[in-house]
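We did not get these values from a lab; they are worked out from the coordinates using the rules stated. From a predicted model like this one, the values you see are computed outputs, not experimental measurements. Cβ: placed from backbone, ideal geometry, glycine included. Neighbour counts: every protein chain shown.
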Amino acid sequence: MADNSVAHAHETHGAHQEGGHNWEGAAEPFKASYGKLMMWYFLVSDAFTFAGFLIAYGALRFSMPSWPEPDFVFASFPFLKEGTHWPLVFVTFMTFVLIFSSVTMVRAVQEGHRENRRGVVFWMFLTILGGAVFLGSQAYEWTTLIVKENVSVSRNPFGRHLNDGYLVELDAQGQPVMDANGRPKPLMKDGAIAEVKKGDSYLLHGHRHDGKVELEQPYIFYTKGSDAGELRPVEPGPKAFGALFFFITGFHGFHVFSGVLFLSIIAINAASGLYAARKNGYEMVEKIGLYWHFVDLVWVFVFLVFYLL
Amino acid sequence: MSHLSYEDQKKLVFRGLMILGIITLVEVFIALLAKGHISHSIHFKEGFGHYLYMLLMIGFSLYKAYFIIFYFMHMAYEVRGLVLSVLLPTSLLVWAIIAFFQEGSSWGARRELIKEKDEESVRPAPAGQPQGYYIIPGTNGRNNG
């Protein structure tokens, strides 16, 4: 964000002066100040970075025979007892936090145009609060995935079954038990055979020994499809899932984090009267507003790609 | 921006909140419905229904993106040149999406092919036949030790 000095002050909300001297030349390209235009172009480049990551996610997902189901992976909610299955509710909450903070940001920019210092500071404070709540929510989400569900950048215990079959009873060594006919003995659950259907989601529970995670290794005897008649261990899901999730949501979270930092700096400057002295309709607030809306915009697509599709 | 009155601006903000909020709620409701969380008998997990579901989700997201860019970021009130210089480069992504998804499917197909080839059984050429190894048809690793 280029700093506009007082000498280069300009009215964004008023009529543009003929032969203005804001860009040193005679006129402003696109009737926008240097800082605002460059913020737009920074956002274009940032959009390409995010698009590259999300397209990589799509390409890797298309290359895998199965992929974890988002409503199964993201179903935890804070302050509820473990094992509660509330699919997508918490991410919806996070989405609303970002929408609200975007709306308060629009209000801050509007008050800036009216040169209303108190209004700018008030609405920016709410925006910063929204950003902080979002970051806290993301910290909760990451903690659940890493600590309780044992997802890491190189380990993904979430997957989906590729064929129909049933879970097999295991002995004390974790090896499948055979019945008298030499067929794998089905695992009984609540008095019925623990069957799995093609496309069903699973989570391999992990156990920690000396800080190292060991995932459970159930076996499945397949009864249908190309694997029919085979006894196979249940493999962890595609490894790339964890790396993509943490990298992309982490990159977005880093944008939110730096957004909160810049918003705080600009809110303090606004409160100190710095921008009032510039008499340019709080243009700095408008520029950070563009950035903040962009963060919300990216979340629309992160939400779509990771949680809805 | 400049031609809207202060009251109109505040109304726009409220409208934005409603539009984004309601679309998000509708999206999540349809997602839960499509994945069978609302009713066990209704779901769109595969086939035509699944494609329709994905298209709908993408459509809603694009509309939200349009609303944020044009009204929250004031793109609707910028001059045409600025709008085009931002949106035209972004349209290149359409091709990136088509190309890389095609590429992704191809990686998947190749991985399957390699797995299949790795599991094939072979036997030496019988006497009188050209030298080399013959693939035993239909084995695909089922019975090679």
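Residue order for A:MET64, A:MET178, fewest other beta carbons within 10 angstrom first, comes to A:MET178, A:MET64.
Expressed per residue, the C-alpha convex hull volume of chain B stands at 195 Å³. Kirkwood analysis of the Cα pair distances in the range A:175-246 returns a hydrodynamic radius of 14.6 Å. Give me the net charge for the shell around B:VAL79: Cβ to Cβ below 13 angstrom, other residues only, Lys and Arg +1, Asp and Glu -1. Spelling it out: positives minus negatives among the neighbours equals +1.
Taking each residue of A:88-100 in turn, how many C-beta atoms of other protein chains fall within 10 Å of its C-beta, and what is the average?
3
Exposure here means at most 11 other Cβ atoms within 10 Å; with trypsin sites (Lys or Arg not before Pro) in a DSSP loop as sites, the longest stretch of chain A lacking them is A:82-196. Per residue of peptide B:19-29, the mean number of Cβ atoms on other chains within 10 Å of the residue Cβ is 4. Here the range A:106-163 is treated with +1 on each Lys and Arg Cβ and -1 on each Asp and Glu Cβ, and its dipole about the Cα centre works out to around 40 debye. Computed from point charges on the beta carbon alone (+1 for Lys and Arg, -1 for Asp and Glu), the dipole magnitude for chain B about its Cα centre is near 120 Debye.
Considering every residue in A:33-41, what mean count of other chain Cβ atoms within 10 Å of its Cβ is obtained? Mind dumping the intermediate values first?
Details: counts 0, 0, 0, 3, 4, 0, 1, 7, 4.
Whole-number average of other-chain Cβ neighbours for A:33-41 is 2.
Candidates B:TYR6, A:ILE266, A:ASN150 compared by Cα position along the dipole of the protein assembly as shown: farthest toward the positive end lies B:TYR6, with charges placed on Cβ. Can you find, among B:ILE22, B:TYR63, B:GLY104, the residue sitting farthest towards the positive end of the charge dipole of chain B, where Lys and Arg contribute +1 and Asp and Glu -1 at Cβ? Of the options given, the answer is B:ILE22. In straight-distance terms, cross-link reach from A:LYS189 covers every one of the aspartates and glutamates whose alpha-carbon lies under 12 Å from its own, apart from those fewer than eight places away in the same chain; here that gives A:GLU169. Rg/Rh for the protein assembly as shown stands at 1.09; both radii use Cα atoms, and Rh follows the Kirkwood definition. Of the GluC sites (Glu not before Pro) found in the range B:1-102, those in coil by DSSP whose Cβ has at most 13 other Cβ atoms within 10 Å are B:GLU46. Charges were assigned to the Cβ only: +1 to each Lys and Arg, -1 to each Asp and Glu. The resulting dipole of the range B:1-78 about its Cα centre is roughly 160 debye. In terms of surrounding Cβ atoms within a 10 Å radius of their Cβ, B:MET54, A:MET105, A:MET39 rank from fewest to most as B:MET54, A:MET39, A:MET105.
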